[in-house]
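First up is the structure itself, then whatever we jot down about it.
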Amino acid sequence: MGVPNAKRLTDADRELAAVRLREAFIQGVLTHEELNTRIEAALRAITTDDLTQILDDIPILTTTPEPIRLAVTNGHVDRLGAWRVPSQIILQLNRATSTLDFRTPILPNDGVRLDIQADRSRVVILVRSGERVVYENLGRHHSRISDQTIPPTHSAPAETAIHLFGDLRSSSLRILPPRRGLIRR
């Protein structure tokens, strides 16, 4: 009935494997046919040992994308699903909304710095279980922060942190864990 020490996978684990495989395809490590075959196998995987066999010869990315600036007035800007997360994101919103999905992308080893300047806007951050979002350096002026994540316990180390800086002015910030990511516009 399987390997006794093999850990069962979550849907997020499977999606992270698919992201890693897509990155390998983009870098020329896999052919299109290999990509499709391995993604199908990753999505059917049950244990960590199953994924190890699929990912064993795939190199781990060492490059981090350049910082990005997302700016919008009277609109919305989102990053959802699998995307390459840089170590710094500058988010500038004026009467706008933004949803940043950190549930499936591979985050940089040193974490993510998210610089927010939001005026009369709404920001939603979607995170994996155990992901730390640090917002002590985020100014709040007539604004509200709703953090619905469960802080990691001392026995389970936190994942790489997402550090928030900047200012919210008459704005709201929601931090949501997996399965709470249904967003109303």
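The table below gives the values:
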quantity: Per-residue Cβ neighbour rank within 10 angstrom, fewest leading, Glu40, Glu15; calculated: Glu40, Glu15
quantity: Neighbour net charge for Leu43 - beta-carbon separation under 14 angstrom, K R +1, D E -1; calculated: 0
quantity: Estimated distance in nm for a label pair at Arg8 and Thr31, the labels positioned 7 Å out from Cα along Cα-to-Cβ; calculated: 3.7
quantity: Residue-count net charge about His32 - beta-carbon cut-off 15 Å; Lys, Arg +1, Asp, Glu -1; calculated: -2
quantity: Residues with amide H under 5 Å from that of Gly166, placed H, sequence gap 5 or more; calculated: Ile116, Gly139
quantity: Answer label for mean projected area of the Cα convex hull in nm² (calculated), chosen among [x] 11.9; [y] 11.0; [z] 16.2; calculated: [x]
quantity: Net charge dipole size for the chain [Lys, Arg +1 and Asp, Glu -1 on Cβ; Debye, nearest 20]; calculated: 1040
quantity: Relative contact order for the chain, counting Cα pairs under 8 Å that sit 6 or more residues apart, in percent; calculated: 17
quantity: Over the chain: helical MRE at 222 nm, DSSP H runs n ≥ 4 each giving -39500 (n - 2.57), nearest 500; calculated: -6500 deg cm²/dmol
quantity: The stretch 68-176: relative contact order in percent, alpha carbon pairs under 8 Å with at least 6 residues between; calculated: 28
quantity: Positive-pole candidate from Leu107, Val72, Ala18, dipole of the chain, charges at beta carbon; calculated: Val72
quantity: Cα gyration tensor, the stretch 11-55 - rounded (a/c under 1.5), prolate or oblate; calculated: prolate
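Here, each number is a calculation from the coordinates, and none is a lab measurement. These numbers come from a predicted model, not from an experiment. Neighbour counts are summed over all protein chains in view; Cβ atoms, including those assigned to glycine, are modelled from backbone coordinates with ideal geometry.
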